[in-house]
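**Q** Have a look at this one.
The values are calculated or read from the model by the stated rules, or taken from the named source; none is laboratory data. These figures come from a predicted structure and were not determined experimentally. Cβ sites come from the backbone with ideal geometry, for glycine too, and all protein chains shown count toward neighbours. For the accessible areas, the whole protein counts, side chains as well, though only heavy atoms, and no ligand, DNA or RNA atoms are used. Shrake-Rupley method; radii C 1.70, N 1.55, O 1.52, S 1.80 Å.
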Amino acid sequence: MAKIEVVTGDITTRKVDAIVNAANSTMLGGGGVDGAIHRAAGKELYEECLKVPEGPGGRCAAGQCVVTGAGRLPCKKVIHTVGPVYTDGANNAKILENCYRNCLAAAEREGLASIAFPNISTGIYGYPLREAAEVAIRAVRETLPKTPSVKHVMFVCFNRENYQIYQDLLNNGE
Ligand code: AR6
């Protein structure tokens, strides 16, 4: 079984096979972790994103993902996904779950062994932290048996609150 780990810090410094970007459907950058990734990766990443064809949901629809190179980042690939904008009563959990599932499936297709996730949707998109962590952990645990190339999953938390929530859920069960 793959190792699931929670760490704090800046995801752009992680030397893993892939980091996941909490992007928007334009894939052309924004604030939060998306802004940090594009700043650290440089214009090569932006230019690669620009070449991704636009569909009805933009370059990447909510819950889906697109794999690119990593520009100047120390990882090999960036997997861009688009989380749900949190709204009461909508299909938030299903979309968020699909983000984690589809990123792991993409890592498997690319033959990648390690992947680092940010806390998708919990910043600008307003998803409540604990609910989002429960969805993330459940989706990853359920998907890993189907993605044997992925040996190491890292949840990279940018603040202590998220780190504590993930520690509690991973150590004490859900
Ligand atoms: N490393 C790791 N995590 C980070 C970093 C970093 N360098 N910077 C922020 N976070 P957000 P969203 C955390 O807002 O809610 C963008 O404009 C942050 O503390 O980045 O999915 C996109 O273009 C939070 O826990 O993403 C979209 O328009 C988590 O990353 C929109 O924001 C996600 O927060 C996406 O919103």
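**Q** Between the range 138-164 and the range 15-53, how far is it from one alpha carbon centroid to the other, in angstrom?
**A** 20
**Q** Once the Cα atoms of the range 34-112 are picked out, what are the Rg and Dmax in Å?
**A** Considering the range 34-112 through its Cα atoms, Rg and Dmax are 13.4, 40 Å.
**Q** Let me ask something else. Of K94/K151; K3/K146; K3/K94; K76/K151, which ones are farther than 18 Å apart at the Cα? Each step should come with its number before you reach the end.
**A** Numbers: K94/K151 25 Å; K3/K146 14 Å; K3/K94 24 Å; K76/K151 16 Å.
With Cα atoms farther than 18 Å apart: K94/K151; K3/K94.
**Q** Another one. Which whole-number percent is the relative contact order of the chain (Cα, under 8 Å, 6+ apart)?
**A** Details: 344 pairs, mean separation 53.8, N = 174.
Relative contact order of the chain: 31 percent.
**Q** Of the listed peptides 131-137, 42-48, what is their order by residue-averaged count of other C-beta atoms within 10 Å, with the highest listed first?
**A** 131-137, 42-48
**Q** Convert each backbone phi in the range 43-56 into a coupling constant with the Karplus relation 6.51 cos²θ - 1.76 cosθ + 1.60 (shift: θ = phi - 60°), then list the ³J(HN,Hα) values in order as whole Hz, x for Gly and Pro.
**A** 5, 4, 5, 4, 5, 5, 5, 4, 7, 5, x, 8, x, x
**Q** Might you report the magnitude of the Cβ-based charge dipole of the chain about its Cα centre, with Lys and Arg at +1 and Asp and Glu at -1, to the nearest 20 debye?
**A** Details: 19 positive and 18 negative charges, 93 e Å.
About 440 debye.
**Q** Related question: How would you order 2-9, 161-168, 58-65 from highest to lowest mean count of nearby Cβ atoms within 10 Å? Don't skip to the answer; put the middle values down first.
**A** On the way: 2-9: 14.8, 161-168: 17.8, 58-65: 20.2.
In descending order of packing, they fall as 58-65, 161-168, 2-9.
**Q** Next question. Could you give me the ³J(HN,Hα) list for the range 122-130, computed from phi with Karplus coefficients 6.51, -1.76, 1.60 and θ = phi - 60°, whole Hz, x at Gly and Pro?
**A** The phi angles translate into 8, x, 4, 7, x, 6, x, 4, 5 Hz.
**Q** Could you do me a favour and compute the accessible area per residue for the range 38-174, 1.4 Å probe, result in Å²?
**A** Details: 6600 Å² over 137 residues.
On a per-residue basis, the range 38-174 sits at 48 Å².
**Q** Rounded to the nearest 10 Å², what accessible area does S25 show when all protein chains are kept and the probe is 1.4 Å?
**A** 50
**Q** If the reach is capped at under 20 angstrom between alpha carbons, list the aspartates and glutamates near K77, excluding any in the same chain fewer than eight residues apart.
**A** Within the straight-line limit of under 20 Å, K77 reaches these aspartates and glutamates: E5, D10, D17, D34, E44, E47, E48, E108, E110.
**Q** Same structure again: Considering only protein heavy atoms and a probe of 1.4 Å, how much of the accessible area of the chain is carbon and sulfur, as a whole percent? Walk me through the numbers before you get to the answer.
**A** Values: 4020 of 8040 Å².
About 50 percent, which is the carbon plus sulfur part of the accessible surface.
**Q** Put +1 on the Cβ of each Lys and Arg and -1 on the Cβ of each Asp and Glu in the chain; which of I95, A116, G58 then has its Cα farthest toward the positive end of the dipole?
**A** The listed residue farthest towards the positive side: A116.
**Q** Projecting each Cα onto the charge dipole of the chain (Lys/Arg +1, Asp/Glu -1 at the beta carbon, about the Cα centre), which of H80, P128, H152 comes out farthest on the positive side?
**A** The listed residue farthest towards the positive side: H152.
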